[in-house]
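Have a look at the structure below, then the notes.
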Amino acid sequence: EAQVTQNPRYLITVTGKKLTVTCSQNMNHEYMSWYRQDPGLGLRQIYYSMNVEVTDKGDVPEGYKVSRKEKRNFPLILESPSPNQTSLYFCASSSLGVAGNTIYFGEGSWLTVV
Amino acid sequence: AQSVSQHNHHVILSEAASLELGCNYSYGGTVNLFWYVQYPGQHLQLLLKYFSGDPLVKGIKGFEAEFIKSKFSFNLRKPSVQWSDTAEYFCAVNASNAGNNRKLIWGLGTSLAVNP
């Protein structure tokens, strides 16, 4: 079954404590991306990756890092989380083969920074 | 800059009522259009998408949408809703010439509640 798996699904952490949200897909997709969803602001792209070792900033990259060492994994790293990073995070993946291919989403990770 | 506007933030319907959710986008070039649904506690799922061809697109669960290029619109419709359609609905756009970034520009979503 085609899946994008995120962990953890729910996390409460304290300001400044580094955390990583993992994302893994089993579809051999080249493209992966992270979004955050906030009330009144919708979903905004944080980072994306077109393939292994190729990453680029989206619209709201500040305070985040990513890496793409393997095709299937695209972790989101918050080196020093702050309360304004409290949000719902979605990982997404897609093939780059045909324009407009379906983008698959993970189940979301609720992050609260206190 | 691209943007997507969803007209209704909250919609409440009774079962068997007809549904139409409005979506307008601003972008001068060729676009790919999507409707995603997010059921309570679940991930975003694709309802339907338009790339080219017939502007009337059929999706899953009886949903359809019509692309009207002259109006920059991609409204979602369902003739008869069910309680299980209660969810958040998102319209999204991806510019066809966006290169390799499959970034979607999202509307703010419409929360649909269907009363049994």
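Any read-out appearing in this document is the output of simple, stated calculations on the displayed coordinates, not a laboratory observation. These figures come from a predicted structure and were not determined experimentally. Every residue, glycine among them, receives a Cβ derived from its backbone with ideal geometry; neighbour counts consider all protein chains shown.
Considering every residue in A:39-47, what mean count of other chain Cβ atoms within 10 Å of its Cβ is obtained? Write out the running numbers ahead of the final one.
Values: counts 2, 2, 2, 9, 10, 3, 6, 0, 0.
The shielding value for this peptide is 4.
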- Item | Shape category assigned to chain B from the gyration tensor of Cα positions, a/c cut at 1.5 | prolate
- Message: Within 10 Å of each Cβ in B:102-115, how many Cβ atoms from other chains are there, averaged over the peptide?
- Response: 4
- Dimensionless Rg ratio for the protein assembly as shown, taking C-alpha atoms and the 2.2 N^0.38 Å reference: 1.01
- Query: Counting only other chains, what is the mean number of Cβ atoms within 10 angstrom of the Cβ of each residue in peptide B:75-88?
  - Reply: 0
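Within 10 Å, count the other beta carbons around each residue, average over each peptide in A:28-35, B:34-41, and list them highest first.
On the way: A:28-35: 22.9, B:34-41: 18.2.
Going by the mean number of other Cβ atoms within 10 Å, highest first, we get A:28-35, B:34-41.
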- Task: Calculate the spin-label point distance for residue A:53 paired with residue B:111, positioning each point 7 Å from the Cα along the beta-carbon direction, and give it in nanometres.
- Result: 4.7
- Task: For the pairs A:18/B:103; A:18/B:61; A:65/B:58, note any where the Cα-Cα span goes beyond 32 Å.
- Result: A:18/B:61; A:65/B:58
- Task: Name the most mobile residue of A:73, A:26, A:101, meaning the one with the largest mean-square fluctuation, in a Gaussian network model of chain A with Cα contacts below 10 Å.
- Result: A:101
- Item | Largest to smallest principal axis extent of the C-alpha atoms in chain A, angstrom | 41, 30, 27
- Using a cut-off of 15 Å between beta-carbons, work out the net charge of the residues near residue A:19 (Lys and Arg +1, Asp and Glu -1, residue A:19 not included). +4
- Item | Karplus 3J(HN,Hα) series, Hz, for region B:12-28 with 6.51 cos²θ - 1.76 cosθ + 1.60 (x for Gly, Pro) | 10, 10, 8, 4, 6, 6, 8, 10, 9, 10, x, 8, 10, 10, 10, 5, x
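Report the extension gain between residue A:9 and residue A:62 in nm, rounded to one decimal, defined as 0.36 nm multiplied by the number of residues separating them, less their alpha carbon distance.
Working: separation 53, 0.36 × 53 = 19.08 nm, distance 2.19 nm.
The span from residue A:9 to residue A:62 would gain 16.9 nm if fully extended.
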